Amino acid sequence: MSFAPWEWLLSLLGTLLSFYYDLIPEYGVSIILLTLTVSLLLFPLTLKQTRSMKAMQEVQPEVKRLQKELKGDKEELNKQLMALYQEKGVNPAAGCLPLLVQMPIWFALYRVLWQGNGIPEDSTLKQVLDAANDMLYTRGDDGNLTGTLKAGVDITSDAFEHVRFLGMNLLVRPSQAVDFGDIIGSLPYIALIGVIVVAGFYQQVQTTRRKKTDQNGDQNNQMQGVQNAMKIMPVVFGFISWNFVTGLGLYFATSNLFRVGQQAIILGMDDDDPDDAGSTAKEKSDPDTPDAPKSNGPSPNASKKRNRRRRK
């Protein structure tokens, strides 16, 4: 008995991919359009994650203060930290939420982009993928692809032009395609893995470059743990992309690049928030602030003008 939500997800992704292929009969372009669609649908999660990570950075001075004051009372410290996070709307685990939500999508995409599961049987894309896979791979007794390339198959052949994109055969793994004896032919696959890893790391830089630390550079242990876990993810995605079909790697690369743009816009919008600007302006104009100009009565120029008028 099939798991209905899983089959529904496969069908949704496969139908969308086939729809985009009918619009623009380029397999790589279809994957990019599908990636952008998924990324836009997940934008609310991206927005929540980015703002939560930024807010987490901003409350670090208060976190350090509590850690110093309650150093000997761990239970009370945790209680105060939770109260602080709730007050500021901060979720230390928010950085992992979009990853957890996307995991079923990644697993489904692997099936869609390689086996062709979920793609309508009568669609042009299904026929293209089946023909290309039959030339590339052997099949098991159950009719499914084994993942073993047929002996002597040339993955760069013109027979695979419908599943090639930027010099890459999107139905093979980079680990199968890369030949260090043919650097030119291998370069597109290596570059794709590089984009996935570098863009993934840059996402972390975007949300942590403004982090506030104490004089010794120490950070909240909970936040440091989340950041360390997130820093590992680009390497994990690079490893996955190396060992799975290149089409999935194209999805990861496009998603990471689009995410960089999303985060730049979100952070830019928050930095330009008029409420924040108004608050800053108010602080600067407050007489109690150190930088505020202090007035102790009329200015000297005003007194001179009054004296001149009296003499006249």
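Give me the log10 of I(q) over I(0) for the range 1-75 at q = 0.14, 0.17, 0.27 Å⁻¹, as the Debye formula computes it from C-alpha points; what are the numbers?
-0.67, -0.79, -1.09
Which FRET efficiency value, to the nearest 0.05, do you get for Leu84 and Arg111 by plugging their Cβ-Cβ distance into 1/(1 + (r/R0)^6) with R0 = 45 Å? Could you put the intermediate results ahead of the total?
On the way: r = 43 Å, r/R0 = 0.97.
Using R0 = 45 Å, I get an efficiency of 0.55.
What FRET efficiency would be calculated for the residue pair Glu75, Leu45, taking the C-beta separation as r and a Förster radius of 35 Å, to the nearest 0.05?
Working: r = 32 Å, r/R0 = 0.92.
Between Glu75 and Leu45 the formula returns 0.60.
Treat each spin label as a single point 7 Å out from the Cα along the C-beta direction, and report the Val29 to Leu145 distance in nm.
Placing both labels 7 Å along Cα→Cβ, they lie 2.2 nm apart.
For Tyr137, what residues show an amide H to amide H distance below 5 Å, using hydrogens built from the backbone and excluding near sequence neighbours?
Lys150
What is the distance, in nm, between label points placed 7 Å from the Cα along the Cα-to-Cβ direction at Ile240 and at Ala159?
Between Ile240 and Ala159, the label points sit 3.2 nm apart.
Please list the three semi-axes, largest first and in whole Å, of the ellipsoid equivalent to the range 67-173, using sqrt of 5 times the eigenvalues of its alpha carbon gyration tensor.
That gives 52, 15, 14 Å for the three semi-axes.
State whether the range 133-184 is rounded, prolate or oblate according to the following rule on the C-alpha gyration tensor (a ≥ b ≥ c being the square roots of its eigenvalues): a/c under 1.5 gives rounded; otherwise a/b larger than b/c gives prolate, and the remaining case gives oblate.
Note, shape of the range 133-184 comes out prolate.
FYI, it's all coordinate maths here, none of it is from the lab. Quick caveat, the model's predicted, so the values are computed rather than measured. Using ideal geometry, Cβ is built from the backbone for each residue, glycine included, and neighbour counts are taken over all protein chains shown.
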